Amino acid sequence: MPKTILLIGANRGLGLGLTNEYLTRGWNVIATARNPAHAEALTALKSNHAGQLRIEPFDVTDPKAAGTLTKSLSGIPIDVLFVVAGQSKATDSPIHDVAPEIAAQEFLTNSVAPPTVAEALLPVLAPHAPIVFMTSLLGSLANSRGGMELYRASKAALNMLAIGFAARHPDRRVLLMHPGWVKTDMGGENAPLDVPTSVRGMADVIETQGAGTGITYVDYAGNPIAW
Ligand SMILES: NC(=O)c1ccc[n+]([C@@H]2O[C@H](COP(=O)([O-])OP(=O)(O)OC[C@H]3O[C@@H](n4cnc5c(N)ncnc54)[C@H](OP(=O)(O)O)[C@@H]3O)[C@@H](O)[C@H]2O)c1
C-alpha cells in the first residue's frame, strides 16, 4: 500500500520539488496550490504519475481552508504532513521601514499559519504521521547575524510556535526543517543548492528521523541546528 504525503504550498519551488520527489519514490501525493487552475507545473506532473497526484486548493492565510480540505480528504490516511508555504517580503528593509500590513502578513503566513493549519488537519493524519514545518536556518537565534529582519523573526517565531504545538501533542513527531539555501524564486540564483538535492535530502531526513515523538530542528542533510 503506497504511503501518502500532504504538501501544503506546492505550486512552485521546494513544494513542487517535493511533489516530484515523492511521486518518484512511489508515494501518493496530495499537493496544494492557492489556485490549482493556474498550477501548470504541478498539473504537468500528473501525466507521468497517473493516479498518484491529487491537487487541492489551499491558502494558508484563509482560516476556512483547513476545514474544507479536512472534509474533502476524510477517509484518506495521511502518513506525512509537510507545511512548505512561506514568503519573504521586505527582504532588504530594517524592521522600522516595513509597513505594518506587510509585517502582519509575513508573520501570519510564516509563523501563525503553519501550526494553525497543522492543528486543523490533525483529524486526517494517521496516528504515526510526522508533522514537518518548513523553517530556515535564518530563524536560529544562535546563528543570526542580522539582515532579513522580518523574515528571520517570522521563522524564529515559527520555531517557537512549533515548540508550543509539539508540547501540546507529545504523541506526535515534529520536524522543523531547514532546506538549505536553494535556487528558487525565494532563494535566488546565487544559492549553492538546487531543488532536487534539497528535496532528496529532506525526504531522506523524514524517512530516518520522522518516527517517534518530540521536536527536532534539522537541516536537509539531517544535521541538528542550534535553536
Ligand atoms: N529557497 C531557500 O533557500 C529557502 C531557505 C530556507 C527556507 N525556505 C523556506 O522554504 C519554503 C518554500 O520556499 P521556496 O524557496 O520554495 O519559495 P518560493 O519559490 O517563493 O515558493 C513559495 C511557495 O509558497 C507558496 N505560498 C506563499 N504564500 C502562500 C499562502 N498564503 N498560501 C499558500 N501557499 C503560499 C507559494 O505559492 P504561490 O505560487 O501561489 O505564490 C509557493 O508555492 C518557504 O517556507 C521558505 O521560507 C526556503
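The values are calculated or read from the model by the stated rules, or taken from the named source; none is laboratory data. The model shown is predicted, which means the values in this text are computed figures rather than measured ones. Virtual Cβ from ideal backbone geometry, glycine too; neighbours counted across all protein chains shown.
Residues that are away from the ligand (no atom under 13 Å from the Cβ) and within 16 Å of the chain's Cα centre (by Cα), at least 2 per element: which strands (runs of 3 or more DSSP E) completely within the range 127-227 meet that?
On the way: elements: 131-134, 173-178, 214-219.
Here the list reads 173-178, 214-219.
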*Hey, among the residues in the range 106-126 that are β-branched (Val, Ile, Thr) and within 16 Å of the ligand (Cβ to nearest atom), which one's surrounded by the most Cβ atoms within 10 Å (Cβ to Cβ)?*
Val117
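Yes/no per residue for (1) in contact with a strand residue (DSSP E or B) (Cβ under 6 Å, 6 or more places away or on another chain); (2) polar (S, T, N, Q):
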{"residue": "His96", "(1), (2)": "no, no"}
{"residue": "Ala99", "(1), (2)": "no, no"}
{"residue": "Thr109", "(1), (2)": "no, yes"}
{"residue": "Pro127", "(1), (2)": "no, no"}
{"residue": "Ile131", "(1), (2)": "yes, no"}
{"residue": "Thr135", "(1), (2)": "yes, yes"}
{"residue": "Leu141", "(1), (2)": "no, no"}
{"residue": "Met148", "(1), (2)": "no, no"}
{"residue": "Ser154", "(1), (2)": "no, yes"}
*Kindly list, by first and then second residue, each pair from a residue in the range 178-192 that is small (Gly, Ala, Ser) to a residue that is more than 6 Å from the ligand (Cβ to nearest atom) and assigned to a loop (DSSP other than H, G, I, E, B), limited to pairs with Cβ atoms under 7 Å and residues at least 6 apart or on different chains.*
Gly180/Tyr220; Ala191/Lys183
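Scan the range 28-52 residue by residue and report those that are among the basic types (Lys, Arg) and either modelled with pLDDT under 95 or more than 11 Å from the ligand (Cβ to nearest atom) (or both). It would help to see each step written out before you state the result.
So the first thing to find is which residues in the range 28-52 are among the basic types (Lys, Arg), and the list is 34, 46.
Result: Lys46, single match.
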*Subset of the range 97-147 [under 19 Å from Thr32 (Cβ atoms) and acidic (Asp, Glu)]*: Glu119
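Go through the range 151-168 and give me each residue that's within 19 Å of Pro127 (Cβ to Cβ) and touching a helix residue (DSSP H, G or I) at 6+ places or on another chain (Cβ under 8 Å). Working first, answer last.
Step one: of the range 151-168, the residues within 19 Å of Pro127 (Cβ to Cβ) are 165-168.
Once the filter is applied, which keeps residues that are within 19 Å of Pro127 (Cβ to Cβ) and touching a helix residue (DSSP H, G or I) at 6+ places or on another chain (Cβ under 8 Å), the range 151-168 yields only Phe165.
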*asked:* Checking Val60 against (1) closer than 22 Å to Asn35 by Cβ; (2) in contact (Cβ under 8 Å) with a residue 60 or more places away in the chain; (3) assigned to a loop (DSSP other than H, G, I, E, B), only one condition comes out false. Which one?
replied: (2)
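Of Leu108, Leu81, which residue is within 30 Å of Gly210 (Cα to Cα) and either part of a helix (DSSP H, G or I) or free of Cβ contacts under 8 Å to residues at least 12 places away in the same chain (or both)?
Numbers: Leu81 fails: either part of a helix (DSSP H, G or I) or free of Cβ contacts under 8 Å to residues at least 12 places away in the same chain (or both).
Selected residue: Leu108, the only one of Leu108, Leu81 that is within 30 Å of Gly210 (Cα to Cα) and either part of a helix (DSSP H, G or I) or free of Cβ contacts under 8 Å to residues at least 12 places away in the same chain (or both).
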_Given the criterion surrounded by fewer than 21 Cβ atoms within 10 Å (Cβ to Cβ) and among the basic types (Lys, Arg), identify the matching residue among Arg173, Arg152, Arg168._
Arg168
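Of all residues in the range 87-105 being among the small types (Gly, Ala, Ser), within 16 Å of the ligand (Cβ to nearest atom) and not in a helix (DSSP H, G or I), which is nearest to Met134 (Cα to Cα)? Steps first, answer last, please.
The first filter runs over the range 87-105 and keeps only residues among the small types (Gly, Ala, Ser), leaving 88, 90, 93, 99, 103-104.
Narrowing further to those that are within 16 Å of the ligand (Cβ to nearest atom): 88, 90, 103-104.
Subset that is not in a helix (DSSP H, G or I): 88, 90.
Working: Ser88: 13, Ala90: 19 Å.
By that ranking, first place goes to Ser88.
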